[in-house]
Amino acid sequence: MNNNLKRINIYSIYLGALILILPLIAFFINAFSFRWFYPQVIPKELSLQAWVRLKLIPKPGQRTFEGFLDLWASNPTVIKALVNSLTIGILVTIVSIIIALPAARVLGLLNFRFKKLIIFIMVSPTILPPIAFVLGLNINFISIGFSGSFFGVCLVHLVPIMPYVVLTMTGIFANYNPDFEHQARTLGANKTTTFFQITLPAIAPGMVVAALFAFLVSWSQYLLTFLIGAGKVMTLPLLVFSTASSGNPALTAAISIIFIFPAILILVFTSKFVSGQSGATSGFGKI
Amino acid sequence: MGGERLKIVLSLTPPLLIIITLFFGGIFYGFLQSLGYQPAIGKYELNFSAYYNVMFSERYAKLFWSGLALNLWVSFASTFLAAVFALFGALAIRKTFVGKTLCNFIYSLNLPMPHLVVAVGMIFVFSQSGLLARLAAQIGMISSPGDFPVLVRDKYGFGIILAYIWKEAAFFFIILMSVLQSLGENFEELAQSLGANRWQRFRYVILPLVMPNLFSASIIVFAFSFGAYEVPALLGVIYPQMLPVMAFEFFLNPDLNARSEGMALSIIIALIVMILVVFYFWLTQAKIRKD
Amino acid sequence: MSDLKIENLVKNFQGMDRPAVNNVNLDINSGQLVAFLGPSGCGKTTILKMITGLFQPDNGNITLDNESLLPIPTEKRGVVMVFQNYLLFPYMNVNENVGFALKMKGVNKSIIDERVKEMLDLVKLPDIGLRKPKQLSGGQQQRVALARALIASPRLLLLDEPLSNLDAHLRDEMRELILTIQQKLNVTTIFVTHDQEEAVLLADKIALIFDGELQNFTSPKNYYEKPKNIKAAKFFGGVNFINADIVDNKIQSEIGFCEYQGDNIRDLNKKLFLTIRPENIKISKNNEFDHNSYQGKITSVIFSGTHTRYKINVNNVHLECSLQSVGIDNMKEDDQIFVHLPKDKIWGMND
Ligand SMILES: Nc1ncnc2c1ncn2[C@@H]1O[C@H](COP(=O)(O)OP(=O)(O)OP(=O)(O)O)[C@@H](O)[C@H]1O
Ligand SMILES: [Mg+2]
C-alpha cells in the first residue's frame, strides 16, 4: 500500500516534469523542422531553414568558417539585436553593482533613522507595475532627447534592476562580519588592500549571483525597451515579440532558443546558490 | 559620528536618485498627464475627466470593468494555482528517488525563463494546432483542430493563466524547497509520533510552517501578473482585455486625448496593486499580532 | 618597550543613553600583561578598537611611547588585535593567514615562510600550514590567530576574550600558552575578559570597567584585599559588608566598635562600609581573640570539600566565613560563637 503510494508519487513527479518541458520540446521541433504541419507529432523532416532565413546559418554549400563569418559580418537583425541585448545587459549590470555596493553595505551593516523608509522606496519598483512609471517617463525622455537612444534604454533598465541588486547585496552584507576587515587593518593592510583581499572575496559569490540575475532582468525587458527605445533600439525580446505576433512559428522558435540560452546557462551555473532565503530569487518575478 | 552620517548619505544617494527621479518621477509625470496636463497640445488645466471617462463613459466603461474583472480573475487564479502546484511538487520531490536532481532542475527551469518565451511556449503547446492538439488527434480524441478547446487567445484568459502558472510555479517551488530544506523533517516526524496522519501533518505542521514565505511570494506574483504587459499582449483577446494592455494601447493611440486616458489607466492599475498590497500587509500584520 | 597611556578617553554611540566609554585614564607600562575586566557591554571591545584606530574617540588621547596614536592610520600603528571569534580569513590556508601581516609589509616570500614556521612552532602547531581554517578545532584556530598577530612583532598586542570560546580544558592550556609567549616576547599585552578568575590568573594588573567607566586599575591581590567599592568587591566574590560610621576618628560599625589598620583611613567618609574576605574571618566557641571579637550565631554550615562555609548572624548582620575543613568539626548550626575580624584584614570603602 505504502509502496504503491510512493510509486504513484514518483510517477506524478515524472509526469509533472514532462509537462513542464513540453514548451521546450515544441521550441526545438519548431526551430529545426521548417514544415511541421498539423497533425504531425513527429516532424517528417529536419531542416535548418528557419536559421538560414534568420541569416544565422549560411545556405547549404556555404557552411564553411568563412561562410559563417561573412554572413554574421553582414549584421543580420538577430545578431544586431543579440549584440544590443548583451551590451545593454552587461553595462547595466556593472553600473548597478557599482552603485549598489556602498548602499547595500550601509543598509546591511548599519542602523540609522529612516532606514525602513529608504528600503521601502528602494523596493517599490518591485511591487508597482512598470507600466505605471514608463508611460510618464517616456514623455519626459522624449522632451530631453533620451527617447530612442541606447543611453535612455540603459537608464530605464536600471529601474527594475537597482532594487533587486541593492536588496540581494544588502542580504549578503547582513551576514557579513566587518571585523574581518578590522582584523586585516590591524595586521597592516591599508584600505584598498583590505577591500580587494578581504571584502571582495567574502562577498564575491553572492555578488556574482546578483550580477547574473540582474543581467537576466535586463535581458528579459520588453516593455521598457520598446517604449524608451522607440523602435530605434532593437533587442532580442522585441524581436521575439514581433516575430511571435506575425506568426511564423519556426522563426519565433529559433529566436526564442537564442533568447533563452543564457537563462538556462545561468541556472546551471547558479543552481547551487539559488535559494529562497538568499533573496536572490525575489527578483525573478520581474523577469 | 558626523563622518558616519556623511558616509550613509553618500552611499544611499545614487540608487535613491535613480529610483526617485526615474521611477517616482515617471509616476508623477504620468499622473500629471492623466489629469490632462499636456503642454505639447496646449492643455494645462487639471481635472479628473480622464479617470471618469475610463471608468464611466459609455465608450470605455464596459471595456474597463470587464478588463478589471479579467485582471482580478487572472491574477488570483494564477497566483493560487501556481502556489498549489508548487507546494505539491515541492512536497513530493523532497524524498530521494531516481532522477531527483534532474527533476529538481526541470522544476526550476522556468525560473530564469523570460515571460515572453513562456507565453510563446503556451502558443506552441496549447493552441488548436499545438503540441497537445496533435497528441489528441494522434490518439483519436479529436478529429480536427476546431475540436480542441480554445486555450490561448481565449476570452477567459486561460492562456494567460497557464503562462503565469508555468512561470511562477517555479518561483514558488524554489522558495518552498529552501524553506522545507531548512526545516528538515523533524517537525513532521515529531507530529507523526504524536499520532498525526498524513493529512494532519500537512494541514497542521507543514502548511503553517511554509505559509509566511508562501504569502510573501504570492504578493510578488500577484502584483506582477496584475500589471504585466507581455503575456496578455501575446495571449489575450481584444475583448475582454487586461488593463495593462488596454493602457498601453490607449497610450499608443495617435489621438493625443487618449493618452491621458492611458495614463489614468496605468495610475489606476498602480493604485489597485498598492491597495491590495497594503491590505495584504494589514492582514498578515493583524494575524501576527493575534498569534 | 612600549608604554601605553590613555587619557580622558570618551566614546559615544548613537542610540545609547550613556557614553560607551566614559573618561577612562590608564597608564600601562612596557611589557605588562593587563586585563580589561567587566561585564558584557561595558565597553571593553570599544576601548580596544579605539587603541587600534578602528573607532575614533570623541575625546581624549592615546599615546604609545609618548607619541599620540590618533593621527596614525590603523595599519601603521603596530597595534595588533586578536578578535573574539578569531576571524581567520576563510579562503586562505593557515600559512597564508599567519603570513598576512608580513605580506602587507611587502616582506620577501622566503622570509615570510621562515617566520610563519617559527610562529607556528611558537604556538605549538607545526605541520598544519596547508589546512584551511574550517579544518581546525576552536583551540587550533585560536592559536593560529595568535601566531598571525605576533608575526610582525607588534608594539602592542590586544586580545579580545581570547579564552571565552574554548572549553574548560583548552582554556587552561591556552592560558598557559599566552602567559609563556607573553613573557618570552615581552610584548605589552591587553586582554579582555569578563571572568575575574581568568583575569587574576593571567594579569599583572586589572582594569575593572563598569558601564564604560573605569572603577579601578590595580593588582589582582588588591582587588581581593583592598577593593575600592562594593561593586568591585562583589565582582571579585566579596560577600561581607558592614555599615559603619567614623565617630571621633574611631570606627563604630553596626556590629560594634572596630579596630582598623587600613592605609586609606584618611580617605574614608563619615559613613562607610567595612568588608572582609570570608577566608580571613576566624570563629571560635570561646572568646579567645584580643580585638574585633563579636558574638554571633551560626545559621548554616555548608561543607564543600577542603573548605567549609559558615553563615553567621552577628547582631542581625549576615557574615560568611570559610574555614579549612580539617579539625573544626565541632561547630554546628545554632551554636553561639565568637567571630573575629582581624584588624589587618578588614577594609573600609566609601560606597
Ligand atoms: N558600532 C557600534 N555602534 C553602536 N553601538 C555600539 C557599537 N559597538 C558597540 N556598541 C555598544 O557599546 C557598548 C559597549 O560595547 P562593547 O562591544 O565595547 O562591549 P564589551 O565590553 O566588549 O562587551 P562583550 O563582553 O559583550 O564583548 C554596548 O552597549 C554596545 O551595544
Ligand atoms: Mg567585546
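Every read-out reported here was derived from the displayed coordinates using simple, explicitly stated rules and does not represent laboratory data. The shown structure was predicted, so the numbers you read here are calculated from the model rather than taken from an experiment. We place every Cβ from the backbone using ideal geometry, glycine too, and count neighbours over all the protein chains shown.
For the options B:261, B:45, B:249, a Gaussian network treatment of chain B with springs between C-alpha atoms closer than 10 Å singles out B:45 as fluctuating the most. Helix A:236-246 sits at what angle to the longest principal axis of chain A, using alpha carbons and giving 0 to 90 degrees rounded to 10? Roughly 40 degrees, rounded to the nearest 10.
Within a 10 angstrom radius of each residue's Cβ in B:249-259, how many Cβ atoms of other chains show up on average? Whole number is fine. Could the numbers behind the result be given before it?
On the way: counts 0, 1, 6, 3, 0, 0, 0, 0, 0, 0, 2.
So the per-residue partner count for this stretch is 1.
Between residue C:261 and residue C:287, the contour length at 0.36 nm per residue exceeds the Cα-Cα span by 7.2 nm.
Note on residue B:37 and residue A:72: the model spin-label points, each 7 Å out from Cα along the C-beta direction, lie 5.0 nm apart. Is any residue of the stretch B:114-147 close enough, with backbone N under 11 Å, to a label point placed 7 angstrom from the Cα of residue A:41 along the Cα-Cβ axis, and if so, which? Counting only backbone N, you get B:132-141.
Of the chymotrypsin sites (Phe, Trp or Tyr not before Pro) in the stretch A:26-75, which ones lie in a loop per DSSP and count no more than 12 other C-beta atoms within 10 Å? Can you show the working numbers first?
Working: sites: A:27, A:28, A:32, A:34, A:36, A:37, A:51, A:65, A:68, A:72; in loops: A:34, A:36, A:37.
Taking the stretch A:26-75 and a limit of 12 other Cβ atoms within 10 Å, the loop chymotrypsin sites (Phe, Trp or Tyr not before Pro) found are A:37.
With a Förster radius of 51 Å applied to the C-beta separation of residue B:147 and residue B:198, the computed FRET efficiency comes to 0.80. Remark: spin-label model distance residue C:114-residue B:156 equals 8.5 nm, labels positioned 7 Å along the Cα→Cβ axis. Contact order, relative form, for the stretch C:4-225: 30 percent (alpha carbon pairs under 8 Å, 6 or more residues apart, mean separation divided by residue count).
Largest mean-square fluctuation among B:13, B:79, B:101, in a Gaussian network model of chain B whose springs join Cα atoms under 10 Å apart, belongs to B:13.
Note the angle between two axes, namely the Cα long axis of helix C:138-150 and the longest principal axis of the Cα atoms of chain C, as a number of degrees from 0 to 90, rounded to the nearest 10. The two axes meet at around 70 degrees.
When you filter the chymotrypsin sites (Phe, Trp or Tyr not before Pro) in the stretch A:97-158 for DSSP loop state and at most 14 other Cβ atoms inside 10 Å of their Cβ, you are left with A:114. Loop by DSSP (not H, G, I, E, B), at most 15 other beta-carbon atoms within 10 Å: where is the longest site-free stretch of chain B for chymotrypsin sites (Phe, Trp or Tyr not before Pro)? The segment B:157-291 is the longest one with no such site. I'd like the orientation of helix C:168-185 relative to chain C: the angle between its Cα long axis and the longest Cα principal axis, in ° from 0 to 90, rounded to 10. Helix C:168-185 and the main axis of chain C meet at about 70 degrees. Per residue of peptide A:254-262, the mean number of Cβ atoms on other chains within 10 Å of the residue Cβ is 3. Given a Förster distance of 56 Å, report the FRET efficiency between residue A:110 and residue C:307 from their Cβ-Cβ distance, rounded to the nearest 0.05. Here the calculated transfer efficiency is 0.65.
The label point for residue C:318 and the one for residue C:8, both projected 7 Å from the Cα toward the Cβ, are 4.5 nm apart. Here the stretch C:187-211 is scanned for amide nitrogen atoms under 15 Å from the site 7 Å beyond the Cα of residue C:165 along Cα-to-Cβ, giving C:192.
Enclosing the Cα atoms of the stretch A:2-47 in their convex hull gives a volume equal to 79 cubic angstrom per residue.
Quick check: from the Cα gyration tensor, does the protein assembly as shown come out rounded (a/c under 1.5), prolate or oblate?
Numbers: a/c = 2.38, a/b = 2.29, b/c = 1.04.
Because a/c hits 1.5 or more and a/b exceeds b/c, the protein assembly as shown counts as prolate.
When DSSP beta bridges are restricted to pairs lying wholly in chain C, around 75% turn out antiparallel. The lysine pair count for the stretch C:239-349, using Cα distances under 18 Å and pairs eight or more places apart or on different chains, is 15.
For the stretch C:4-225, just say rounded, prolate or oblate: build the C-alpha gyration tensor, square-root its eigenvalues into a ≥ b ≥ c, call rounded for a/c under 1.5, and beyond that prolate if a/b exceeds b/c, oblate if not. Walk me through the intermediate numbers first.
Numbers: a/c = 1.80, a/b = 1.43, b/c = 1.26.
The shape class here is prolate.
By definition, a body whose alpha carbon gyration tensor gives a ≥ b ≥ c is oblate when a/c is 1.5 or more and a/b is not larger than b/c, and chain B fits this oblate description.
Among the complete DSSP H segments of chain B, which ones combine at least 18 Å of alpha-carbon extent along their axis with a mean Kyte-Doolittle hydropathy of 1.0 or more? Write out the running numbers ahead of the final one.
Working: long enough: B:2-18 (25 Å, 0.87); B:61-93 (47 Å, 1.66); B:158-183 (35 Å, 1.74); B:207-227 (30 Å, 1.71); B:256-290 (51 Å, 1.23).
What comes out of the filter, once short or polar helices are dropped, is B:61-93, B:158-183, B:207-227, B:256-290.
Applying a DSSP loop filter and a limit of 15 other Cβ atoms within 10 Å to the GluC sites (Glu not before Pro) in the stretch B:129-202 leaves B:185. A cut-off of 5 Å between modelled amide H atoms, ignoring neighbours fewer than 5 places along the same chain, links residue A:47 with A:33, A:34.
Within straight-line reach of residue B:62, meaning a Cα separation under 28 Å, sit the following lysines at least 8 residues removed in sequence or on another chain: B:43, B:155. Counting only lysines at least 8 places from residue A:80 when in the same chain, those with an alpha carbon closer than 20 Å to its own are A:55, A:59, A:232.
Residues of the stretch C:63-79 falling in the label zone of residue C:25, defined by backbone nitrogen less than 15 Å from a point 7 Å along Cα to beta-carbon, are C:63.
Note on chain B: GNM, Cα springs under 10 Å; of B:278, B:74, B:84, the largest mean-square fluctuation is that of B:278. Within 10 Å of the Cβ of each residue in B:93-104, the mean number of Cβ atoms contributed by other protein chains is 3. Counting only residues at least eight positions apart within a chain, or on another chain, the lysines with an alpha carbon under 29 Å from that of residue A:6 are A:272, B:95, B:100, B:167.
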